[in-house]
Amino acid sequence: MSQKPRKLQRISRACDFCNRRGIKCRQNEDPLGRCQNCVDFDVLCTFDRPAKRRGVKAGSQVSGRDIQHERVTDDHGIPAPAATASGERASGSSIPRSSHRPSISGDPWSTFDHGWSTAESDDRDVTLHNSWKAFAIACDRQIKSLVQVYLETVYPIFPLFHMPSFIERINSKEHLRNQGLFASTMAVCSLASGRARDGALYSNRWQRQDLMNPPSEAFFAAARDSIPRDLIAAKSIHYMRACAILAIASIQNGQIKNMQKYSGLYHTLISMDGLYDEKLWPKDLSPIEAEERRRLFWSIYTLDIYSTVVWGGVIRYREAHSLVRYPTEVDDEFITIHGYGVPTLSPETDSVSSSKVTIVSRQPVAWLRGWNFTTDLYRILEHVVDGNRRRFSSANGTTQVWSLFDSLSISEPAVMDRVMTMYSALPSQFRETPPMTGDMSKDFFGFQSANIQATLQLLRMVLLSAEEIGVERKCDVAGEVLNVFSNVPIEYLKAISSPLPQLHHLGGIGYILGSVIEGTLSEVSYTRVRTLLLEMADLLQRLETGSQSASDAAERLRAQVDRIDGYMRTSLLLDISAPSNAVPVINGLPEVAVPSAYAQSASAVGTAPGADVDQMSQFQLPPELLTDWPWPLDSYNTEGFLPLAFD
């Protein structure tokens, strides 16, 4: 026998104060009858605004939006309790609330009866969201695989989630009930699919083709469309995380303007949320929620500094403006909603003698120790970038005021001496980069070591960009940086810098060598540069292997060297590639005695003075030979990597 549907209780109106601010109007036992917010702000609690008639006008068509039940969820997808008949006040929000709670059954299709909460919702939004839900349900197996790929290849550098709880949420299909979690999950899948497409997989358990269908772009679109158009409605950490991951995925796809777009959305959201200051965070955060917020903030802080160095722009958040602690150096398995666990002490041999062996217990080192050290390097890099920009601030016609506060110049030896002292104090796990093993507990340390090495070299190149150094020093720097990258297992470099590493850390080497090759050269100096260019081409080829987004920079670089060799053979009558002219190589680097100034007379290189001899020993390549150089040569017109560097 059918029963009449229960009539929903009407929700009382919000007061004028709460309605204007769009906040929840909470009942209070105030003798004056004021709500809690009006009591807190000590204002009158009025209901003077005209009451609008509820319901649908007679004769009008009822749309899907009017009958669509919507629910409000908190940061972790838990439905907000429905208003009760006891008179709990509702906010003036346009989002209707009902007593519906999402189905906890195993049927994911049950989520289609109920939309997500957004500030702007219409029939198209409901249809769009349901379409993406259907897409996610159909791709459930790929989503679980891509989440695992993210945890293996991206998470060690961008640990934006608490791993155990994130996996549990995906397995329970919570992302189908929480719009913010859905957006961040789709962004994770887009990034992981791009990494798989570009050859960043190192585990034999994955077949790349299985992870590329649907393509990365489909997941990207799903994440993009799930972010509310009105950012005021994007109140969850999930949306901040989704924008951050979409920015990283845009780098993966070589779409730098998209990277700037989603970075900007992220920084807007953290300004609205107060993520930059822990005092502004909700007071009831669990340890998991607090750690996720700290990891998110410092992860994208480093990305912000990195993108400023590589592609130009401004630093959006500075360390001096941020009151956020570093993530606690504890593995995820010891972080729960109730608190922090204590890792098991590991016995180690302290000393050995003929009579006895002393065993001591040492606290195991967490991989986040190395991650936090990398953040230290980026904080130093922020100040180096500021120092470099100040050198040229007079060009904008403004009065120089920074010298009133800090007149000390930043020198590369002084900074690097301090940094290397800090580096030497790290546990040995972060100063060695063994090959990947497939064991995440071990490979996480390798990721940190590789990232530390890459960041050290980036810091060093930016420091040197502010100093006047000669050709010999430029070649030394380029050779040492290449040597460091060549000794890091290629799997780590692919996972960290995929797919276009030549646009990232190695771009600095390209600028260094480019500034040398467009200047005045000698046969000795070009021979050394040529050797470094070919070594760089070999490294680029290794990095590009398996990448569908490869730009063939290695082949372009070799072709560039061949053209210059041809010019030198025909115009200068020099066979620069002949074995007799080769420079001796020691420890992988050419051993040469390069003059400190190439403008000296030919006697500086052991030749009698004379115009003809001087012409033969020094030359400058025609500009048309360098038109296909993989990196911009005119640093005065380049805002990005090392602006005004090595001139």
What residues have an amide H closer than 5 Å to that of Ile335, excluding those fewer than 5 places away on the same chain, when H is modeled at 1.01 Å from N in the peptide plane?
Gly341
Please tell me which of these pairs span more than 29 angstrom C-alpha to C-alpha: Lys133/Lys235; Lys133/Lys283; Lys173/Lys279?
Lys133/Lys283; Lys173/Lys279
Ordered by residue, what ³J(HN,Hα) values in Hz, to whole numbers, does the stretch 208-215 give under the Karplus form 6.51 cos²θ - 1.76 cosθ + 1.60, where θ = phi - 60° and Gly and Pro are x?
4, 4, 5, 9, 9, 10, x, x
Considering amide H positions built from the backbone, and no H for Pro or chain starts, which residues 5 or more places from Asp277, or on another chain, come under 5 Å of its amide H?
Leu323
Calculated SAXS-style log₁₀ I(q)/I(0) at q = 0.09, 0.15, 0.17 Å⁻¹ - the stretch 134-338, Debye, Cα scatterers:
-0.32, -0.94, -1.22
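Could you give the length gained by full extension between Glu480 and Glu467, i.e. 0.36 nm per residue of separation minus their alpha carbon distance, to one decimal place? Show your work: numbers first, answer last.
On the way: separation 13, 0.36 × 13 = 4.68 nm, distance 1.76 nm.
Length difference between fully extended and current span is 2.9 nm.
Based on the mean of other Cβ atoms within 10 Å per residue, sort peptides 426-432, 458-464, 384-390 so the most packed one is first.
Values: 426-432: 14.4, 458-464: 22.0, 384-390: 17.6.
With the highest mean Cβ count within 10 Å placed first, the list reads 458-464, 384-390, 426-432.
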Among 244-252, 438-446, 523-531, how do they line up from the highest to the lowest mean number of other beta-carbon atoms within 10 Å?
244-252, 523-531, 438-446
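Just so you know, all these numbers are worked out from the coordinates, no wet-lab data involved. This structure is a prediction, so every number in the text was calculated from the model and none was measured. All Cβ positions, even for glycine, are placed from backbone atoms using ideal geometry, and neighbour counts span all protein chains on display.
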